[in-house]
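Student: The structure's right below; bear with me while I get my questions together.
The values are calculated or read from the model by the stated rules, or taken from the named source; none is laboratory data. All of these numbers come straight from a predicted model, not from anything done at the bench. When we count neighbours, we look across all protein chains shown, and the Cβ atoms used for this are built from the backbone with ideal geometry, even at glycine.
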């Protein structure tokens, strides 16, 4: 049967303006970094995308290298666009990025005009789209002039291949420089995508959120659950099927010390007192910092439902915020 989205989906989600723009993003966005690649089950990916949209998640976030293998998450998105979402294209925000290694040779990564434009053309073909809503430069390039990288983003936007352009993993100083270059070239950078969580505070020390506010940019957060640490998965140690046990991604087994586990348990107890799961409290905490949207990953439908449930309680008392600080700065 053809997919018909829940007609009440927009009543289930909170939407926030992105910087000084007219674009609203859902408070919870779905990232396709893991579990949507060629090694994964298409039907499970389909169920997750359907449920996400039924819950009002309009933003699906991808990158050229998501998979595995690289590119296959975008291929999955293309298949599911045809199966389920083509009719809803104008109700979706689909984003992609380029910056990390994608193909061999001198033109397969970083931030040259050659790479960025070629990569987006490939991404559009994989997804079967005429344009993406947001296209990011995925990481700063220490060697390519910023004028070339931002100029490529402008060209992409001018050609209608992306409605908005942004940056990812740029620190505060790099963001200021990018905005200055963009203003000189006559292009607006919509937002910065970076990692932030209760356990990962580099952006606070860097004053990045304040910089984004000053430059009228939005903020979208990845890894708000600290690679799964801020869930119930590690309350009783390291499960054999976890990312940490498999040494996959950025989470390593050696980094999960008994001290870290004690903090996770204390945070979980606090979340329980709030009537939330640990992951729900962690997402609510990031949203409480004033960011535009948080990106969640998922391997099953239930996780998406739980994550959206965090929106039922996103306010913290001063005592709660102080308690979180006391736990995390030990």
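Student: Kindly indicate the residue of the stretch 59-81 that is touching a strand residue (DSSP E or B) at 6+ places or on another chain (Cβ under 9 Å) and in a loop (DSSP other than H, G, I, E, B) and also nearest to residue 13 (Cα to Cα) among those meeting that condition.
Tutor: Here the answer is 62.
Student: Another question, then. Quick one: in the stretch 33-75, which of the residues that are under 12 Å from residue 298 (Cα atoms) and in contact (Cβ under 8 Å) with a residue 60 or more places away in the chain is nearest to the chain's Cα centre (by Cα)?
Tutor: Across the stretch 33-75, the extreme among qualifying residues is 33.
Student: Of the numbered conditions (1) over 23 Å from the mean Cα position of the chain (by Cα); (2) farther than 27 Å from residue 86 by Cβ; (3) free of Cβ contacts under 8 Å to residues at least 12 places away in the same chain, residue 109 satisfies every one except a single condition; which is it?
Tutor: Exception for residue 109: condition (1).
Student: Could you run through the stretch 3-19 and say how many residues are part of a loop (DSSP other than H, G, I, E, B) and touching a residue at least 12 places away in the same chain (Cβ under 8 Å)?
Tutor: The qualifying residues number 8.
Student: Hey, could you check the stretch 144-168 for residues that are out of contact with any helix residue (DSSP H, G or I) (no Cβ under 8 Å at 6 or more places or on another chain) and in a helix (DSSP H, G or I) and say which is farthest from residue 59 (Cα to Cα)?
Tutor: Filtering the stretch 144-168 for residues that are out of contact with any helix residue (DSSP H, G or I) (no Cβ under 8 Å at 6 or more places or on another chain) and in a helix (DSSP H, G or I), the one farthest from residue 59 (Cα to Cα) comes out as 158.
Student: Which of the residues spanning the stretch 303-322 are in a helix (DSSP H, G or I), surrounded by fewer than 23 Cβ atoms within 10 Å (Cβ to Cβ) and touching a helix residue (DSSP H, G or I) at 6+ places or on another chain (Cβ under 9 Å)?
Tutor: Keep residues of the stretch 303-322 that are in a helix (DSSP H, G or I), which gives 303-312, 318-322.
After this cut, where a residue has to be surrounded by fewer than 23 Cβ atoms within 10 Å (Cβ to Cβ) as well, the list is 303, 305-306, 309, 311-312, 318-322.
Scanning the stretch 303-322 gives 303, 305, 306, 309, 311, 312, 320, 321.
Student: Taking the stretch 100-116 as the search range and keeping residues that are assigned to a loop (DSSP other than H, G, I, E, B) and touching a helix residue (DSSP H, G or I) at 6+ places or on another chain (Cβ under 8 Å), which one is surrounded by the fewest Cβ atoms within 10 Å (Cβ to Cβ)?
Tutor: By that ranking, first place goes to 107.
Student: Another question, if that's okay. Does any residue of the stretch 259-281 turn out to be within 21 Å of the chain's Cα centre (by Cα), at pLDDT 95 or above, in a helix (DSSP H, G or I) and closer than 25 Å to residue 95 by Cβ?
Tutor: Yes, the conditions are met somewhere in the stretch 259-281.
Student: When only residues in the stretch 121-143 that are touching a helix residue (DSSP H, G or I) at 6+ places or on another chain (Cβ under 6 Å) and part of a helix (DSSP H, G or I) count, which is surrounded by the fewest Cβ atoms within 10 Å (Cβ to Cβ)?
Tutor: Filtering the stretch 121-143 for residues that are touching a helix residue (DSSP H, G or I) at 6+ places or on another chain (Cβ under 6 Å) and part of a helix (DSSP H, G or I), the one surrounded by the fewest Cβ atoms within 10 Å (Cβ to Cβ) comes out as 126.
Student: Looking for something more than 24 Å from residue 316 (Cβ to Cβ) and modelled with pLDDT of 95 or more - is there at least one such residue anywhere in the stretch 228-238? It would help to see each step written out before you state the result.
Tutor: At the first step, the residues of the stretch 228-238 found to be more than 24 Å from residue 316 (Cβ to Cβ) are 236-238.
Next cut, modelled with pLDDT of 95 or more only: none.
There is no residue in the stretch 228-238 that is more than 24 Å from residue 316 (Cβ to Cβ) and modelled with pLDDT of 95 or more.
Student: Of everything in the stretch 190-216 that's touching a helix residue (DSSP H, G or I) at 6+ places or on another chain (Cβ under 7 Å) and assigned to a loop (DSSP other than H, G, I, E, B), which residue is surrounded by the most Cβ atoms within 10 Å (Cβ to Cβ)?
Tutor: Taking the candidates together, the pick is 196.
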